[in-house]
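For reference, the structure is listed below as structure tokens.
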Amino acid sequence: MANKIYPLWKEAVMQGSSNSSLAGNVKALLIDTADYTYSDAHQFHSDVTSGAIVATSSNLSGKTYSSGVFDASDITWSAVTGDQSEAIILYIDTGVSGTSRLVAYVDTSISGAPVTPNGGDINVAWDNGSNKIFAL
């Protein structure tokens with residue numbers, strides 16, 4: 001599948017809904033696609049089965065928003081174990097799974113993916129050309 005922005009996040013942004021701004025706490029989930037299938041109907045972190053989440057990043061840093069393009073510093077998950085991971089889900093973390101909005105599903109243009117965790121660090125360099133992480 002190609003990278004996608006969750007439609008319900010776009011809808012929330014258009015309506016100015018709470019927990020829709022990328023200026024807040026944005027995190028990345030390392031995902032095993034054997035246990036998760038993207039759906040346009042998914043809206044919150046709670047829609048992602050826990051077995052699909054291999055690792056959760058700290059808050060993204062160095063976020064930029066320029067000409068409709070979202071980017072951030074590359075990320076590192078430390079000491080990761082678990083299933084092979086083929087995708088990343090970005091979400092806005094409210095501290096509550098049922099209100100933490102899913103933003104984007106990324107499974108192409110990820111440096112180093114797919115990756116099989118071996119207890120070491122996993123580094124991801126955002127490499128989506130001029131679109132950085134994604135563009136609106």
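Values for this structure:
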quantity	calculated
Trypsin sites (Lys or Arg not before Pro) restricted to the range 1-70 and DSSP loop, no more than 16 other C-beta within 10 Å	LYS63
Amide proton proximity set for VAL54, modelled H, under 5 Å, gap of 5+	LEU30, ILE31, ASP32
Built amide H within the under 5 Å cut-off of ILE75, gap 5+	VAL124, TRP126
Interchain or long-range residues, amide H under 5 Å from PHE44's placed H	LEU102
Linear extension gain, MET14 paired with ALA125, 0.36 nm per residue minus alpha-carbon span	37.1 nm
Phi-based couplings in Hz for the range 84-90 (Karplus 6.51, -1.76, 1.60; Gly and Pro marked x)	4, 10, 10, 9, 10, 10, 8
Ascending count of other beta-carbon atoms within 10 Å, so fewest first, for VAL124, VAL69, VAL96	VAL96, VAL69, VAL124
Cβ-placed point charges (K, R +1; D, E -1), dipole of the chain about Cα centre in debye, nearest 20	420 debye
FRET efficiency, 1/(1 + (r/R0)^6) with R0 25 Å, evaluated for THR81 and ALA2 via beta carbons	0.30
Net length gained if the chain between THR116 and LEU136 were fully extended (0.36 nm per residue, minus Cα distance)	4.1 nm
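Bear in mind these aren't lab numbers, they're just calculated from the coordinates by the rules spelled out. Please read these numbers as outputs of a predicted model, since none were measured by experiment. Heads up, the Cβs are rebuilt from the backbone with ideal geometry, glycines too, and the neighbour counts pull from every protein chain shown.
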